[in-house]
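The structure appears below as structure tokens.
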Amino acid sequence: MFNFYHREIMGALTGILIVIIALAVIVVMYIIKTQRELVSLDELCKNALSQIAVQLNSRWDALMNLAKMAAQYSKHESETLINVIKQRRQSDISTPEQVNEQQGALQQVLGRLIAVGEAYPDLKAADLFRETMDGVKQYEENVRMSRMVYNDTATKMNRMVRQWPSSFVASMLNFREKDYLKVDEEQKSKAPDLNEVFEKKDA
């Protein structure tokens, strides 16, 4: 009788142990799977920001060329723009905040250059000026697409960081929510006012 109960207890304990091991394996596999998904999304966000940085710097380079072309028509305006471009251009852009600031400043400089082109029809009609301006627009379109990729990826990652049970894994592995890239109107409102630069220059 003792042996019978002993076997029953051992069988029950073995069954419980198997269940515990199976659950532990499932939990470990889930953690590994979730960690890989979070790492993948994190890398995609970094890659999108890197692509945006490349396109933004290409836009700055194109604007610098436009400012130099404008020098023969409006030297004062051109020199001021060149100085602003040198100060604002960043080779290392790694956060959404930096992207938002750069895009706001870019839009203001571009607006100034467009105004110079409108004031000097010969400059606006020049083939090189038009081609460079077209390049600026293409870079902006590339930035827009990369921004969409970044925000979509950030949304997926933020969902995993906030929703349970993936939020537990994210917290354990120190993954945080990603900031979003702002829309154009918000960028403009946060951008430094370049009009103040020109007013100080004129003073």
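The values are calculated or read from the model by the stated rules, or taken from the named source; none is laboratory data. From a predicted model like this one, the values you see are computed outputs, not experimental measurements. We place every Cβ from the backbone using ideal geometry, glycine too, and count neighbours over all the protein chains shown. Ligands, DNA and RNA are excluded from the accessible area calculation, which covers all protein heavy atoms including side chains. Shrake-Rupley method; radii C 1.70, N 1.55, O 1.52, S 1.80 Å.
One line per residue, one yes/no per condition, for (1) touching a Pro at 6+ places or on another chain (Cβ under 9 Å); (2) within 30 Å of E97 (Cα to Cα); (3) not in a helix (DSSP H, G or I):
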site: V27; (1), (2), (3): no, no, no
site: I32; (1), (2), (3): no, no, no
site: V39; (1), (2), (3): no, yes, no
site: S50; (1), (2), (3): no, yes, no
site: D61; (1), (2), (3): no, yes, no
site: A67; (1), (2), (3): no, yes, no
site: Y73; (1), (2), (3): no, no, yes
site: H76; (1), (2), (3): no, no, no
site: N83; (1), (2), (3): no, yes, no
All conditions in (1) open to solvent by 60 Å² or more (accessible area, probe 1.4 Å); (2) part of a loop (DSSP other than H, G, I, E, B) are true of Q90 except (1)
* To do: Would you mind stating whether E118 is in a helix (DSSP H, G or I), surrounded by 18 or more Cβ atoms within 10 Å (Cβ to Cβ), among the charged types (D, E, K, R) and out of contact with any His (no Cβ under 7 Å at 6 or more places or on another chain)?
  => no
Discussion item. For the range 162-169, check the following and say yes or no: at least one residue is closer than 23 Å to A48 by Cα, modelled with pLDDT of 90 or more and either open to solvent by 90 Å² or more (accessible area, probe 1.4 Å) or among the charged types (D, E, K, R) (or both).
Written reply: yes
Scanning the range 121-142 residue by residue, those open to solvent by less than 80 Å² (accessible area, probe 1.4 Å), in contact with a helix residue (DSSP H, G or I) (Cβ under 8 Å, 6 or more places away or on another chain) and not hydrophobic (A, V, I, L, M, F, W, C) turn out to be T132, G135, Y139, E140, N142
If we keep only residues of the range 144-158 that are among the basic types (K, R) and touching a helix residue (DSSP H, G or I) at 6+ places or on another chain (Cβ under 8 Å), then the residue surrounded by the fewest Cβ atoms within 10 Å (Cβ to Cβ) is K156
